[in-house]
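The next block holds one structure in the form of structure tokens; read it before the comments.
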Amino acid sequence: MDIFGDAFSKSFNLIFSFDIDLIEILYLSAKVSLFSLLISCVIGFPLGAFLAIGKFPLRNFIVAFLNSLMGLPPVVVGLIVYLYLSRSGPFGFLGLLYTPSAMVIAQTILIIPIIGSLSCQILEDLDKEYKDLFKSFVIKRSQAISAYLYDARYSLFTVVLAGFGRAVSEVGAVIIVGGNIDHLTRVMTTAIALETSKGELSLAMALGIILLLVSLSINFFVVWIKHIGKVKGYV
Amino acid sequence: MFKQENIIEITDLNLVKHSDNILKKINVQIKSNGITFIIGPNGAGKTQLVRSLNGLEKINGSIKFNNEELSKKLILRQSFVFQQPIILKRSVLENLIFFSKCRKIKNHIKKSKELLKLVKLEDFLNKPALTLSGGQKQRLALARALTTNPQFIFLDEPTAHLDPLSSNIIEKTLLKISKNGTKVIFISHDINQVRRLAEDVIFMHKGKILEFNNVKRFFKSQKSSYTKSFIEGKIII
């Protein structure tokens with residue numbers, strides 16, 4: 001219990017003294033997670049919408065495949081990205097391995113199936129509701145997709161937060177492709193893993209507390225957004 | 001007032017869904033400019049017939065509007081009001097604006113507000129449409145159907161389960177647009193409503209049209225015993 005108590009007191013000191021190393025790690029974590037989330041949304045939402053309203057051969061197979069990709073093991077993704085970005089790999093010439101860009105790539109691959117699959121389910125339900133109305137008004141597919149994305153905004157926002165939660169708490173892939181290099185690719189999760197292995201529990205605990213706070217905040221935010229949507233009468 | 005010609009010609013119309021022969025060789029020519037009612041017991045094929053007219057069903061046979069075969073171009077001149085109003089998850093005004101914007105209608109905001117005034121929803125412009133009552137939602141659906149100035153409008157039991165006020169507003173609006181040249185095809189189970197509004201009446205049973213006549217003649221004498229029983233409120237099997 002002494003170890004825990006000591007670790008907690010040190011971690012709170014680190015947090016409230018605005019430790020520069022801690023801030024750097026937090027900044028990089030947020031930057032990598034938000035950037036990969038942005039790319040995932042740009043690709044995932046249109047993909048989800050296309051699958052939700054599209055009727056083409058193998059559509060059900062692609063949806064099932066995308067659903068199964070939600071459970072992709074991060075270390076496998078990390079390994080594949082590593083092989084592609086390593087010196088001997090096809091994209092080795094880009095020199096991206098052990099950079100934040102490589103971490104963004106790995107996280108994007110992990111989040112796209114979450115954004116695409118969850119948005120597909122939400123938009124598919126909306127399509128069932130609106131289909132006849134839009135067909136009757138001869139609404140173009142692009143206009144329908146924009147309407148679906150707008151009308152499902154409250155539900156889709158929770159999908160975005162789910163994607164962010166996955167990105168910010170991911171460790172397996174980013175440690176392989178980022179290398180956990182101090183002042184370059186060290187993020188919250190990789191730092192926790194490293195500091196724990198070194199026995200430096202105070203920094204690991206400080207980061208753990210922040211990670212838990214981020215996770216809790218996201219969940220409360222999801223509940224609040226849903227509540228706002230219901231109160232406003234748009235859900 | 002100038003009235004445009006509104007002729008609907010249905011020839012050998014068949015509709016099969018899930019192996020069920022829902023519409024069986026329908027042949028009818030609707031020439032009147034007033035409101036045409038389609039009545040009949042549940043499962044008669046009324047909804048499927050108007051859905052076919054609006055291009056919502058894959059049919060066999062021919063449907064012509066003013067001698068022109070049903071096409072996307074023609075559907076652009078039609079509107080449909082569904083029995084269960086389909087409401088976009090946005091404000092009342094935005095429910096109209098989305099469709100008028102898609103059709104690039106000029107002065108769409110002003111026109112949308114006028115239409116909402118017509119159905120007595122002018123006080124709810126910025127209210128989320130999902131929070132409206134059932135009757136208000138149906139009036140909104142009617143106003144929305146009118147945003148594109150349709151030449152033909154199809155209504156599938158729009159006043160079923162509505163309060164007298166909402167029914168009255170819908171009926172008055174339909175009479176007004178009908179007088180202005182829009183052809184109205186209206187499905188109803190309310191015989192009194194048919195007497196009040198109809199120019200002519202189609203009676204359907206088991207996927208077939210058993211009777212099509214001017215409203216006065218329709219109620220005066222019926223060719224089919226089914227029609228007679230339906231009007232008298234008897235159970236039809």
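The values are calculated or read from the model by the stated rules, or taken from the named source; none is laboratory data. What you see is a predicted model; the values in this text were computed from it and never measured. Positions of Cβ are generated from backbone atoms using ideal geometry, with glycine treated the same way; all protein chains shown enter the neighbour counts. Heads up: the accessible areas ignore ligands, DNA and RNA and are worked out on the full protein's heavy atoms, side chains in. Shrake-Rupley method; radii C 1.70, N 1.55, O 1.52, S 1.80 Å.
Remarks
- Cβ pairs under 7 Å, 6+ apart, first in the stretch B:36-47 and within 11 Å of B:PHE230 (Cβ to Cβ) and among the hydrophobic types (A, V, I, L, M, F, W, C), second open to solvent by less than 10 Å² (accessible area, probe 1.4 Å) and not in a loop (DSSP other than H, G, I, E, B): B:ILE39/B:VAL194; B:ILE39/B:VAL201; B:ILE39/B:PHE203; B:ALA44/B:MET204
- Yes/no for B:ALA143 being in a loop (DSSP other than H, G, I, E, B), in contact (Cβ under 8 Å) with a residue 40 or more places away in the chain and either out of contact with any strand residue (DSSP E or B) (no Cβ under 8 Å at 6 or more places or on another chain) or surrounded by 22 or more Cβ atoms within 10 Å (Cβ to Cβ) (or both): no
- Every residue from the stretch B:67-95 that is more than 18 Å from the chain's Cα centre (by Cα) and not charged (D, E, K, R): B:ASN67, B:SER71, B:LEU88, B:SER91, B:VAL92, B:LEU93, B:ASN95
- Taking each residue of the stretch A:109-136 that is within 14 Å of chain B (Cβ to nearest Cβ) and under 30 Å from A:VAL171 (Cα atoms) and looking for partners that are open to solvent by less than 40 Å² (accessible area, probe 1.4 Å) and of a type in the set (A, V, I, L, M) with beta-carbon atoms closer than 9 Å, six or more apart or interchain, yields A:ILE122/A:ALA52; A:ILE122/A:ALA152; A:ILE122/A:LEU156; A:ILE122/A:VAL159.
- When the stretch B:193-235 is limited to residues that are more than 17 Å from the chain's Cα centre (by Cα) and of a type in the set (S, T, N, Q), the one that is surrounded by the most Cβ atoms within 10 Å (Cβ to Cβ) turns out to be B:THR227.
- Any hit, the stretch A:223-235, residues being at negative phi, within 14 Å of another protein chain (Cβ to nearest Cβ) and touching a strand residue (DSSP E or B) at 6+ places or on another chain (Cβ under 9 Å): yes
- Taking the stretch A:100-130 as the range and being open to solvent by 30 Å² or more (accessible area, probe 1.4 Å) and over 30 Å from B:LEU88 (Cβ atoms) as the test, the residues that pass are A:PRO100, A:SER101, A:ILE105, A:ILE109.
- Scanning the stretch B:115-129 for residues that are assigned to a helix (DSSP H, G or I), free of Cβ contacts under 8 Å to residues at least 40 places away in the same chain and of a type in the set (A, V, I, L, M, F, W, C) yields B:LEU115, B:LEU116, B:PHE124.
- For the stretch A:137-191, filtering for residues that are open to solvent by less than 40 Å² (accessible area, probe 1.4 Å), more than 14 Å from chain B (Cβ to nearest Cβ) and not aromatic (Phe, Trp, Tyr) leaves 23.
- Selection of first residues in the stretch A:198-210 that are among the β-branched types (Val, Ile, Thr) and of second residues that are modelled with pLDDT of 85 or more, restricted to Cβ pairs under 7 Å at least 6 apart or on distinct chains, gives the following pairs, ordered by first then second residue: A:ILE210/A:LEU26; A:ILE210/A:MET188.
- Those residues of the stretch B:49-59 which are under 13 Å from the mean Cα position of the chain (by Cα) and farther than 18 Å from B:GLU211 by Cβ, in sequence order: B:ARG51, B:SER52, B:LEU53, B:ASN54
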